[in-house]
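**Q** Quick one: this structure, given as structure tokens, is what I'll be asking you about.
The values are calculated or read from the model by the stated rules, or taken from the named source; none is laboratory data. Values in this document were obtained by computation on a predicted structure and should not be read as measured data. Cβ coordinates were reconstructed from backbone atoms using ideal geometry, including for glycine residues, and neighbour counts include every protein chain displayed. Each accessible area value is taken on the protein alone, full model and side chains, heavy atoms only, with ligands, DNA and RNA left out. Shrake-Rupley method; radii C 1.70, N 1.55, O 1.52, S 1.80 Å.
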Amino acid sequence: MKHRTFLSGICVLAFLATATAQDDEADFNQRQAKALNAFAEKAFKKGFPRIAKVVWMQVHKLYDIDNEEAWKALGYIKIGSSWNPDPKHPYPTQDTGSGSDGKPLQSQYEALKKELANNHRRQAEKWAKAGRTDKANHHWSMVLRWVDDDEQAKKALAYVEVGAISGTELEKTLYERSKAVEKTIEEQSKVDYEVKPVSGLQCEPLDRAQVQYVTVQSEHFILHGDPDQQENLLTALQWAERTLEVCKVAFPWQYADSKWPTEWACVFAQETYHQILKANQVPDLEWKLEHGASDVIGNTEVTNTNGVQTLYDACVRNVAQGYSGFRSTGFVEGIGHTFVGQIFNNNRLFAIDRKRQEGTSASEEDREFQSPDFDVWKNLSLELAWKSTGGVPANMLAFCDASNFPNEERIKAWSFCDYMMRRDPEMLRSMDQIAQEMKTQRIKQPAEFEQRFAAKHPEVTLPQLDKEWEDFWTGASPVLKAILNNTPPVNAISKGVDKWLEAFNAARKDNNATPVKWSANLSARCKDHAEYLKKNKDLRDPASLHTESVELGGSYNGSLFAQMAVVIAPANISGAKKLFEQWLYLPGYRDALVNNTILTVGAYLEGDVLVMNVVSGVGSPSAANAGIRCFPPQNDQQDRYDAEVKVADLGPEAEKVLAKNGREGGKTIGFPLTLHSGGTGGVGIRGSLTCTVVGPKDEKIEGVLVFDEGRIRTTTAPGMVTFWPLDPLPKGKISFQWTWMGNGSQQVAKGSFYAK
């Protein structure tokens, strides 16, 4: 009896110990949540709601799913037992804080992370002494979520070497595959493949529609397109060949090294694309006319590409989608976005139209879903991964419907395919094959999908892959952070930006453009490029300012951003007004002052280097400010501009314009005239566009139209067309007239200015 009483006492003590430990763990989570709540509230009050939003989402995801303070702060109300968005209190998305107010947040956030990590370390040690390795390991991993370098945590988790850091075996796989693909992309971007125009190759869908076209060919691909785009078609096939080599590294299965099984046709004008669809009587014609941008007709993939970059995107996407062999909407679109994003860090082609927004205006978040900038998409994926409820589970991606492909499905389809390509593309192929099997059997059950996947891959479950996807995009460990290599928005706030933004908006006002707002989220790449230029003080010519060299500490993605960045070096706020006046002579920089589709900018000041991001925060301007703008402005003006611009200030793209038109080696070029259509998809009106310029004696000024396919911001901007007078303008009154087809009729913008 005594023995039985003694055992009962032990059981009671054990139960009490377990209950006490559980209470202690709950109290611990509440303390961690309280610390995060305090920082989020501070960031919100300082005017940085997007930074605060992620932190409040961390409260729910990591520590307390029912935390009332965080739910209310995010704009939710409780209905019954669930939290729902409060339509009366939508969460703000636009930063309003100043650099001077926001800069202290960086050091405060770093201190907070150390505090959170130290708290987890003490919990880990406590659980380790209690013999609960599972609990201890959870806290050790949380230590490394908040701080990158903790040897005690790495040792406890038995991490292996991954590059210059350490992590799990899975993280090693992710790291090595990611770096292999990145290295191949960077190497291939410099490789030139043999491409040439050919004759005698017919394209039946275009012939049937009586469309004029030219044909270009490379070793593996045949591409048909608009006759005036031959040079760009040749470049597009260069990118196709490069992408093929990237696919060989990214996918474990082989491709027969022969001609691509389908041909491609890319046309710029939407009217031409619709003409082709109608002439070939494609299935679901009405839906495709309204929503589609690409369709397979016979043996030809026909795509509507309204700009040069969209043309390149289309060819990269065609290779990636064809090589993968996927057939489910979610995986086809996802893998296409993945490759275009990794190769260009931009995405301008949506083969399936984005879901149209309800109501009369789109929110800031809606505009972000429409952005071509993959840095914006990465922020959206980050917030999607932090979501504690809702979202799109992986078991639903196989059932995405082309007729209804909403924003969150598109972001998850892309980011999940991106992750799985790094982890194991064979699993992604299995998912697609299972989806096709279930489609033929008319089964649309996520649970059945999970079971079939588990039968093929018993080593992992779909919920586990979802958790891995969350950890990857939220940077749950030092290795995952290293793969993503993202600058947190809280680190992209700099003092001095406020005065530059004020001066920038004053210059826009002088040019009848609407003011822009500033965003920490859009400033991360600005910080990276500013630090690169600060470190490389000798790189100050136009070409060098708008690229990055890996050998000099830059990155491939950084170089892509730098092309369309706006750079001021040296940056002296006292000379800002004069500086912005000089920008009017640089067409690409001029665009930043007159383009009303620019709504939000990023900016970072590093010493005497200011870098601005004026391409990510674009959207539809208000009706009063919408429409195409020209510069000089239309109608007769008394404005006076220098008759010529130094080629040295413009860079190599201006040199090429002169060389191509018989003026090689010229030191100056005539004052440029520009037309600004804004947006990012390209210049859709190029087929009908003309520009006529005459001098003071009614003499015609010789010049050429150059569209937005350049890579140096001084001479190029998305959606901009430049008329370059090949010689300095004659002194006196210069008259001009732009014409193009729009809204079913000819549009005209004309005016005059004085050349001095």
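**Q** Could you state how much accessible area GLU194 has, in square angstrom rounded to the nearest 10, with a 1.4 Å probe and all protein chains kept in place?
**A** My reading of the accessible area for GLU194 is about 140 Å².
**Q** Stretched out fully, how many nm does the piece from LYS534 to LEU705 gain, at 0.36 nm a residue minus the Cα gap?
**A** Stretched out fully, the LYS534 to LEU705 stretch lengthens by 58.0 nm.
**Q** How many Å² of accessible area per residue for the chain, probe 1.4 Å?
**A** Per residue, the chain has 45 Å² of solvent-accessible surface.
**Q** Where Lys and Arg each count +1 and Asp and Glu each count -1, what net charge lies around THR300 among other residues with Cβ under 10 Å from its Cβ?
**A** -4
**Q** Next up: Top to bottom by accessible area (1.4 Å), largest first, where do VAL550, VAL479, VAL694 land?
**A** My answer, sorted largest first, is VAL550, VAL694, VAL479.
**Q** Would you tell me the accessible area of ARG525, worked out with a 1.4 angstrom probe on the heavy atoms of the protein chains, in Å² to the nearest 10?
**A** Rounded to the nearest 10, that gives 40 Å².
**Q** Excluding ligands and nucleic acids, what accessible area in Å² is computed for TRP71 using a 1.4 Å probe, to the nearest 10?
**A** It works out to around 10 Å².
**Q** Next question, about the same structure. Can you run phi through the Karplus equation (6.51, -1.76, 1.60; θ = phi - 60°) for region 562-576 and list ³J(HN,Hα) in whole Hz, with x for Gly and Pro?
**A** 4, 3, 10, 6, 9, 10, 10, 8, x, 9, 10, 4, 5, x, 4
**Q** If you place +1 on the Cβ of every Lys and Arg, -1 on the Cβ of every Asp and Glu, and leave all else neutral, what size is the dipole of the chain about its Cα centre, to the nearest 20 Debye?
**A** Here the size comes out at about 1660 debye.
**Q** I've got another one for you. When averaged across all projection directions, what area in nm² does the alpha-carbon convex hull of region 630-698 cover?
**A** 6.6 nm²
**Q** How many percent of Cα pairs in region 490-638 exceed 27 Å?
**A** 20 percent
**Q** Kindly state, to the nearest 0.05, the FRET efficiency for THR461 paired with ASP86, given R0 = 30 Å and r defined as their beta-carbon distance. Let's see the in-between values first.
**A** Values: r = 35 Å, r/R0 = 1.16.
According to the calculation, E is roughly 0.30.
**Q** Over 10 Å intervals from 0, what percent of Cα-Cα pairs in region 183-224 sits in each interval?
**A** Final binned percentages: 24, 38, 22, 15, 1.
**Q** Give the span of region 377-473's Cα atoms along each principal axis, as three whole-Å numbers ordered largest to smallest.
**A** Ordered largest first, region 377-473 gives principal extents of 37, 33, 22 Å.
**Q** Separate question: Which of the peptides 233-243, 32-42 is most tightly packed, and how do the rest follow, judged by the mean count of other Cβ atoms within 10 Å per residue?
**A** Final packing ranking: 233-243, 32-42.
**Q** Of all the C-alpha pairs in region 182-302, what % are more than 16 Å from each other?
**A** On the way: 4633 of 7260 pairs.
For region 182-302, the fraction of Cα-Cα distances above 16 Å is 64 percent.
**Q** Among GLN445, ALA455, GLY475, whose Cα projects farthest towards the positive end of the dipole of region 418-492, with charges put on the beta-carbon of Lys, Arg (+1) and Asp, Glu (-1)?
**A** Most positive-ward Cα: GLN445.
**Q** Then there is this: Given Cβ point charges of +1 (Lys, Arg) and -1 (Asp, Glu) and nothing else, what value in debye, to the nearest 20, does the dipole of region 685-727 about its Cα centre take?
**A** I would put it at about 180 debye.
**Q** Each label point is 7 Å from the Cα along the Cα-to-Cβ direction; what then is the distance between the points at VAL550 and LYS499, in nm?
**A** Computed distance between label sites VAL550 and LYS499 equals 3.9 nm.
**Q** How many percent of all Cα-Cα pairs in region 217-271 sit more than 18 Å apart?
**A** Working: 578 of 1485 pairs.
Of the Cα pairs, 39 percent sit more than 18 Å apart.
**Q** Now a separate question. Tell me, what is the percent relative contact order of region 667-751, built from C-alpha pairs under 8 Å that lie six or more residues apart?
**A** 38 percent
**Q** Ignoring ligands, DNA and RNA, what percent of the 1.4 Å accessible area of the chain is carbon and sulfur?
**A** Within the chain, the accessible surface is 50 percent carbon and sulfur.
**Q** At 0.36 nm per residue, minus the direct Cα-Cα distance, what do LYS155 and GLU176 gain on full extension? Give it in nm, one decimal, please. Provide the component values of the computation, followed by the final result.
**A** Numbers: separation 21, 0.36 × 21 = 7.56 nm, distance 2.14 nm.
Gain in length upon complete extension: 5.4 nm.
**Q** Run the quick spin-label model on GLU437 and GLU25: label points 7 Å from Cα toward the beta carbon, then report their separation in nm to one decimal.
**A** Using points 7 Å along Cα→Cβ, the separation is 3.7 nm.
**Q** So if each residue of separation counts as 0.36 nm, and I subtract the Cα-Cα distance between THR487 and GLU231, what length gain in nm does that give?
**A** 88.5 nm
**Q** Along each principal axis of its Cα atoms, how long is region 441-566 end to end? Whole angstroms, biggest number first, please.
**A** Largest first, region 441-566 extends 63, 39, 28 Å along its Cα principal axes.
**Q** Checking the cross-link filter: which lysines have an alpha carbon closer than 20 Å to that of LYS196, excluding same-chain neighbours under 8 positions apart?
**A** Partners within reach: LYS259, LYS660.
**Q** Could you grab the relative contact order for the chain? Cα pairs under 8 Å, six or more apart, rounded to a whole percent. Before the final figure, lay out each step's value.
**A** Working: 1287 pairs, mean separation 75.4, N = 756.
Relative contact order comes out at 10 percent.
**Q** Quick one: what Rg and Dmax do you get for region 101-236 from the alpha carbons, in Å?
**A** Computed over the Cα atoms of region 101-236, radius of gyration and Dmax are 27.9, 80 Å.
**Q** Roughly how many nanometres apart are two label points built 7 Å out from the Cα toward the Cβ at ASP636 and LYS278?
**A** With each label placed 7 Å out from Cα toward Cβ, I get 4.3 nm.
**Q** So for each of 601-609, 448-456 I average, over its residues, the number of other beta carbons within 10 Å; can you give me the resulting order with the highest mean first?
**A** Top to bottom by mean Cβ count within 10 Å: 601-609, 448-456.
**Q** Now for a different question. Treating each Cα of the chain as an identical point scatterer and ignoring solvent, apply the Debye formula and state log10 I(q)/I(0) at q = 0.05, 0.07, 0.10, 0.11 Å⁻¹.
**A** Calculated log10 I(q)/I(0) at the listed q: -0.29, -0.55, -1.11, -1.33.
**Q** When the label point is put 7 Å from the Cα of LYS697 along its Cα-to-beta-carbon vector, which residues of region 723-756 have a backbone N closer than 20 Å?
**A** Answer for this model: 725-736, 753-756.
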